[in-house]
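Undergrad: Take a look at this one; I'll ask things after.
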Amino acid sequence: MARRLNIGAVRSSFAPWADPAAVPLARFEGVTKRFGDAVAVAGVSLDIYEREFFALLGPSGCGKTTLMRLLAGFETPDAGRVLLGGQDLAGVPPHRRPVNMMFQSYALFPHLNVFDNVAFGLRQDAMPKAEIRARVEEMLEMVQMASLARRRPDQLSGGQRQRVALARAIARRPRMLLLDEPMAALDKKLREETQFELKELQARLGLTFLIVTHDQEEAMTVADRIAVMRDGAIEQVATPAEIYEAPASRYVADFLGDVNLFEARVDRVEPGAAQVRLASAECPAGFTALDDDAPAPATQVWLAVRPEKMTIALEPPPPGTPNVLEGQVWDIGYTGDWTTYLVDLAEDRTIRVARANASRLVDRPIGREDKVWVSFAPDAGVVLTR
Amino acid sequence: MRRGPSWFNIASVGLGLAFLYLPIVLLVAYSFNAGRLVTVWSGFSTRWYAALIEDEEMRDAAWITLRVGLISASAATVLGTLAAVGLVRGGLFRGRLLFAGMIYAPLVMPEVIMGLSLLLLFVALGQARGFWTLTAAHTTFTLCYVAVVVQARLVDFDRSLEEAAQDLGCPPWRTFLTVTLPNIAPAVAAGWMLAFTLSLDDLVVASFTSGPGATTLPMRIYSQVRLGVSPEINAVCTLLIGAVALGVALWGLVGRARTRAPV
Amino acid sequence: MGHRSWLAAIPPYAWLLVFFLFPFVLVAKLSVSHTVLAIPPYAPTLDLSRGAAGVRDFIGGLSGDTYRRLGQDHLYLAAYLSSLKVAAISTALLLLVGYPMAYGMARASPRSRTLLLMAVILPFWTSFLIRVYAWIAILKPEGLLNLVLSWLHFGPVEILNTPTAVYIGVVYSYLPFMVLPLYAALEKLDPTLLEAAADLGATPWRAFWRVTFPLSRPGVAAGSLLCFIPIVGEFVIPDLLGGPQSLMIGRTIWTEFFANRDWPSASAVAIVLLATLTLPILAYQHQQARALEGRR
């Protein structure tokens, strides 16, 4: 579950994607890539802006890495165009593209020491020796690896290798830094620390970062915007908060965090109040949800409600309360900060309700097999059409 | 495996190794025999080595063998490494199947067939047989061994290293020289060693493709062996074995020094 | 490296076309020629300077006589069958000796494994000819084996210049080629599989036949093919250890070529041998390609 929502929403003033006059730094135009019969990327169009921290999020095999490799030049699109700074990249080999990549395996050259690894890219364009030295030292200083410059990659820890890979990738001051699952090899604690460091670094250098990850928490922590991918196509592009609070589809809602989905049909739309009434077999009284762009009556929809936006009680709520469900607690999961209740509404139908453990009370009042009432406010649910 | 080797495991490995080494040990031991009879020990002597140094034909043969080995192994290493790169990194280019077939077939092809076919080629080309036909013949079959050895290493080689180099602005050919080659160097060197040894070792292909002026050491040894066992041949063989053992030992030392090198 | 890496294949490709594939065309052509007392000692030769007439004469001069003779002379047939028999029995013997060895090596501790591997490879680096030669001194009538036997009060045995000597020489020379692929297959085997088999009630013997052996089958196939194919065409071992009456096809080619100077016959024998071996060679290539794909 994503619990650092506020972080994703911090820099609200930075939103070039909302400015119609802004020119994107990188642009995918109807890009398709096939491997044999398999379609890895299916007609993707996407804009990434200068100074943005952009995340490609999706399960493995969704095409996110292929999309990044198309930008780096390791794959060529079967259809569509990839542009950088307005220039079509078709035919430009990887070594002539002004982007640099941090590989998932880090791909540090095992035969070169830390210094030479970082200097590798600088030595490719006849830079004076002294300048190279200065730049490498600056980079190593920045990632706190200056004292280990003479070490070889196999003498470094995972976290140190990751820093060297980062220093090497930004040493050439690329127009854009591509990060392929940069923290997949780190343990959880180090990963969280590194996420914040990465954000801080990106802000300080004013670089554009494109990160590929399957970890939704990581994407939400670091990114300004997230593109959720599925089967080679983009499901939704939005800020972390939008993606979480206003998912565009059941897939997105389910992929980021937990969600309860109720099958329903639009009953009527309340004009003016932006309220919509839904009929559902799961709730005889029907659901009420807020939606200023509700579909026409009789449309098949799903109401998505996050577990933490629901309330659970042993007593029935006062009459007139909207969105009330009756059920029985089937199991309880305690994770310290949260308690998750699995509530059976009917045979083969279980929903999740989460409650923050605000007090240190060990003895929870709600137990297994208890009959409970679950309710949620009209603004808690999202009406989804797909 | 968990429980460690059983007595049966130890016995089969021990007997197998004894079987492999006993004949060689005996051969080396009898090269220091004073008497001419190979089976009767009549005291330690190095007289056969002295006789060997006097033997001009043997010296010439050794010199030719060495030169053919050095040249053909080096050519085979270049061609074989290129072949491995083409096979592993080239994708599915047209004619790849035939190419792969031509790489693997010589590994198992009976030498007599290889020798005969190469001889016919040189005859058809009107090329007098001698040093260079022999070198070309050895290059042909040893390049396949190099290709297989380097190929195995290239397949295991982390491809993202090459991508990283290119991503950092290194053009493909320079990537091969500065990133790929240093990392597959042990396999390339092993391939060279293998090609060199196979060239030194070869009798059959050499007999077909070599001419009057280019009799190799195995050819010379073979013609003498057919006349019977002689302590002088034992001495030659011991020297060859010694050279190989020295090479392997040096190889091991270099390898160890490299892995131990601090920073 | 870029998408043009296949360019690297061009020099070795060209080399192998000229020095490996094209020569076989020549062998095939020569096998339908006939011997003459000339240099080169066969006819017809293709004279392109005479244009179409040269080509016509050349084609008219070709004949299947050598093959007909090959079919009629039962000595050739006997040599083929004997070669296949020797190769088959030797391969079986090699498996019998090599499998326990490879298995024992795979069960050794990682440290001694490296040493044992070195020990098996090392003889391979010494000359093939020398290793065969070493056996002459051991096996000949007044040799070391009989010396030892006479100490033990056993009668002298005659092994040199018999088929037994050929088998000993072949097994000895090809043992590393059998052990290495077997070892490679057995070493990869996950020991927890055997534990799982034992846990599920299999006796060690059953676990071996039901788990270890089936999983080592790629190694068995690679080792067997790697030995069988060259043994069929083996020349040095039967020549040095088998005595004058030993009949093997590699030796036949050699004799036809060097002693009888009958190049067309030698070529025809080679072509038939190659045809016999095509299937195992293709099987070997297929096996190699698959093993390599598996590691990608």
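The values are calculated or read from the model by the stated rules, or taken from the named source; none is laboratory data. Note that the structure is predicted; figures quoted are calculated from it, not measured. All Cβ positions, even for glycine, are placed from backbone atoms using ideal geometry, and neighbour counts span all protein chains on display. Quick note on the areas: whole protein, heavy atoms, side chains included, nothing else; ligands and nucleic acids left out. Shrake-Rupley method; radii C 1.70, N 1.55, O 1.52, S 1.80 Å.
For (1) in contact with a strand residue (DSSP E or B) (Cβ under 7 Å, 6 or more places away or on another chain); (2) without any contact (Cβ under 8 Å) to a residue 60 or more places away in the chain; (3) within 14 Å of chain B (Cβ to nearest Cβ), each residue gets a yes or a no:
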{"position": "A:A40", "(1), (2), (3)": "yes, no, no"}
{"position": "A:E52", "(1), (2), (3)": "yes, no, no"}
{"position": "A:A79", "(1), (2), (3)": "yes, yes, no"}
{"position": "A:M101", "(1), (2), (3)": "yes, no, yes"}
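Undergrad: So, one more: Just wondering, is there one or more residues in the range C:132-153 that are open to solvent by 10 Å² or more (accessible area, probe 1.4 Å) and farther than 27 Å from B:R36 by Cβ?
TA: Yes, the range C:132-153 has at least one match.
Undergrad: Could you run through the range B:220-230 and say how many residues are over 15 Å from C:R131 (Cα atoms) and either in contact (Cβ under 8 Å) with a residue 12 or more places away in the chain or buried (at least 22 other Cβ atoms within 10 Å of the Cβ) (or both)?
TA: Total satisfying the criteria: 1.
Undergrad: Counting just the residues of the range B:231-263 that are at negative phi and either of a type in the set (F, W, Y) or not in a helix (DSSP H, G or I) (or both), which one comes out modelled with the lowest pLDDT?
TA: The qualifying residue modelled with the lowest pLDDT is B:P262.
Undergrad: Taking interchain pairs and intrachain pairs at least six residues apart, which have beta carbon atoms under 9 angstrom, with the first residue in the range C:75-97 and of a type in the set (S, T, Y) and the second open to solvent by 60 Å² or more (accessible area, probe 1.4 Å) and modelled with pLDDT under 95?
TA: C:Y76/C:R69; C:S82/C:P163; C:S82/C:L247; C:S83/C:L247
Undergrad: Could you tell me whether B:E57 is under 30 Å from C:M248 (Cβ atoms), more than 12 Å from chain C (Cβ to nearest Cβ), touching a residue at least 12 places away in the same chain (Cβ under 8 Å) and among the acidic types (D, E)?
TA: Answer is yes for this residue.
Undergrad: Taking the criterion of being among the hydroxyl-bearing types (S, T, Y), more than 8 Å from every other protein chain (Cβ to nearest Cβ), open to solvent by 30 Å² or more (accessible area, probe 1.4 Å) and touching a helix residue (DSSP H, G or I) at 6+ places or on another chain (Cβ under 8 Å), would at least one residue in the range B:63-85 satisfy it?
TA: Yes, the range B:63-85 contains a residue that is among the hydroxyl-bearing types (S, T, Y), more than 8 Å from every other protein chain (Cβ to nearest Cβ), open to solvent by 30 Å² or more (accessible area, probe 1.4 Å) and touching a helix residue (DSSP H, G or I) at 6+ places or on another chain (Cβ under 8 Å).
Undergrad: Within the range A:31-53, count every residue that is open to solvent by 30 Å² or more (accessible area, probe 1.4 Å) and in a strand (DSSP E or B).
TA: The total comes to 8.
Undergrad: Here's a follow-up. Criterion first (of a type in the set (K, R), open to solvent by 30 Å² or more (accessible area, probe 1.4 Å), within 9 Å of another protein chain (Cβ to nearest Cβ) and under 14 Å from B:A165 (Cα atoms)) does A:R168 satisfy it?
TA: Spelling it out, it is not the case that A:R168 is of a type in the set (K, R), open to solvent by 30 Å² or more (accessible area, probe 1.4 Å), within 9 Å of another protein chain (Cβ to nearest Cβ) and under 14 Å from B:A165 (Cα atoms).
Undergrad: List every residue pair whose Cβ atoms lie under 6 Å apart, where the two residues are 6 or more positions apart in sequence or sit on different chains, the first residue falls within the range C:186-198 and is facing another protein chain (nearest Cβ under 10 Å), and the second residue, located anywhere, is among the charged types (D, E, K, R) and open to solvent by 40 Å² or more (accessible area, probe 1.4 Å).
TA: Between residues of the range C:186-198 that are facing another protein chain (nearest Cβ under 10 Å) and residues that are among the charged types (D, E, K, R) and open to solvent by 40 Å² or more (accessible area, probe 1.4 Å), the close pairs are C:P191/B:R2.
Undergrad: Next up: If we scan the range C:66-85, do we find a residue that is more than 20 Å from the chain's Cα centre (by Cα), basic (K, R), open to solvent by 40 Å² or more (accessible area, probe 1.4 Å) and more than 20 Å from C:A221 (Cα to Cα)?
TA: Checked against the condition, which is being more than 20 Å from the chain's Cα centre (by Cα), basic (K, R), open to solvent by 40 Å² or more (accessible area, probe 1.4 Å) and more than 20 Å from C:A221 (Cα to Cα), the range C:66-85 yields at least one hit.
Undergrad: Are any residues in the range B:31-47 in contact with a Ser or Thr (Cβ under 8 Å, 6 or more places away or on another chain) and either open to solvent by 30 Å² or more (accessible area, probe 1.4 Å) or more than 14 Å from chain C (Cβ to nearest Cβ) (or both), and if so, which ones?
TA: Correct list: B:F32, B:A34, B:R36.
Undergrad: Given the residues A:G91, A:G80, which is the only one that is in a loop (DSSP other than H, G, I, E, B) and open to solvent by 10 Å² or more (accessible area, probe 1.4 Å)?
TA: Going through A:G91, A:G80 in turn, just one is in a loop (DSSP other than H, G, I, E, B) and open to solvent by 10 Å² or more (accessible area, probe 1.4 Å): A:G91.
Undergrad: Evaluate the following for B:A50: is it open to solvent by 20 Å² or more (accessible area, probe 1.4 Å) and either in contact (Cβ under 8 Å) with a residue 24 or more places away in the chain or more than 7 Å from chain C (Cβ to nearest Cβ) (or both)?
TA: So B:A50 passes the test.
Undergrad: Same structure, new question: Only one of C:V211, C:V157, C:V170, C:V148 is within 28 Å of the chain's Cα centre (by Cα) and hydrophobic (A, V, I, L, M, F, W, C). Can you tell me which?
TA: Sole residue among the options that is within 28 Å of the chain's Cα centre (by Cα) and hydrophobic (A, V, I, L, M, F, W, C): C:V170.
Undergrad: Return the residues of the range B:87-122 that are within 7 Å of chain C (Cβ to nearest Cβ) and basic (K, R); say none if nothing qualifies.
TA: Across the range B:87-122, the qualifying residue is only B:R89.
Undergrad: Among (1) at pLDDT below 85; (2) touching a Phe, Trp or Tyr at 6+ places or on another chain (Cβ under 6 Å), where does B:L92 come up short?
TA: Result: B:L92 passes all but (2).
Undergrad: Further question: If you check C:V157 against the conditions, is it closer than 28 Å to C:E234 by Cα, open to solvent by less than 20 Å² (accessible area, probe 1.4 Å), more than 7 Å from chain B (Cβ to nearest Cβ) and not charged (D, E, K, R)?
TA: Against the criterion (closer than 28 Å to C:E234 by Cα, open to solvent by less than 20 Å² (accessible area, probe 1.4 Å), more than 7 Å from chain B (Cβ to nearest Cβ) and not charged (D, E, K, R)), C:V157 does not qualify.
Undergrad: Being in a loop (DSSP other than H, G, I, E, B), more than 9 Å from every other protein chain (Cβ to nearest Cβ) and open to solvent by 30 Å² or more (accessible area, probe 1.4 Å) is the filter here; which residues of the range C:243-296 pass it?
TA: Hits for the range C:243-296 are C:P244, C:Q245, C:L247, C:N260, C:R261.
Undergrad: Which of (1) in a helix (DSSP H, G or I); (2) surrounded by fewer than 16 Cβ atoms within 10 Å (Cβ to Cβ) does A:L122 not meet, given it meets every other one?
TA: All conditions pass for A:L122, except number (2).
Undergrad: Can you report the number of residues in the range B:197-208 which are within 10 Å of another protein chain (Cβ to nearest Cβ) and part of a helix (DSSP H, G or I)?
TA: 7
Undergrad: Of B:A243, B:A214, B:A206, which residue is among the aliphatic types (A, V, I, L, M) and open to solvent by 40 Å² or more (accessible area, probe 1.4 Å)?
TA: B:A243
Undergrad: Just checking, does the range B:154-166 include any residue being in contact (Cβ under 8 Å) with a residue 40 or more places away in the chain and farther than 22 Å from A:P174 by Cα?
TA: yes
Undergrad: Tell me yes or no: at least one residue of the range B:5-21 is over 30 Å from C:E195 (Cβ atoms) and away from chain C (no Cβ under 12 Å).
TA: Looking through the range B:5-21, none of the residues is over 30 Å from C:E195 (Cβ atoms) and away from chain C (no Cβ under 12 Å).
Undergrad: Then there's this: Which of the residues belonging to the range B:135-161 are under 24 Å from A:F120 (Cβ atoms) and at pLDDT 90 or above?
TA: Across the range B:135-161, the qualifying residues are B:V150, B:L161.
Undergrad: A further question on this structure: Can you give me the ranges of the strands (runs of 3 or more DSSP E) entirely in the range A:279-371 with at least 2 residues that are open to solvent by 60 Å² or more (accessible area, probe 1.4 Å)?
TA: Passing ranges, in order: A:283-290, A:324-334, A:349-356.
Undergrad: While we're looking at this one, here's another question. Is it the case that A:L67 is surrounded by 15 or more Cβ atoms within 10 Å (Cβ to Cβ), in a helix (DSSP H, G or I) and within 14 Å of chain B (Cβ to nearest Cβ)?
TA: no
Undergrad: Quick check on the range A:14-27. Is at least one of its residues under 24 Å from A:C62 (Cα atoms), exposed (fewer than 13 other Cβ atoms within 10 Å of the Cβ), in the same structural domain as A:D224 (by TED's automatic domain parsing) and modelled with pLDDT of 85 or more?
TA: no
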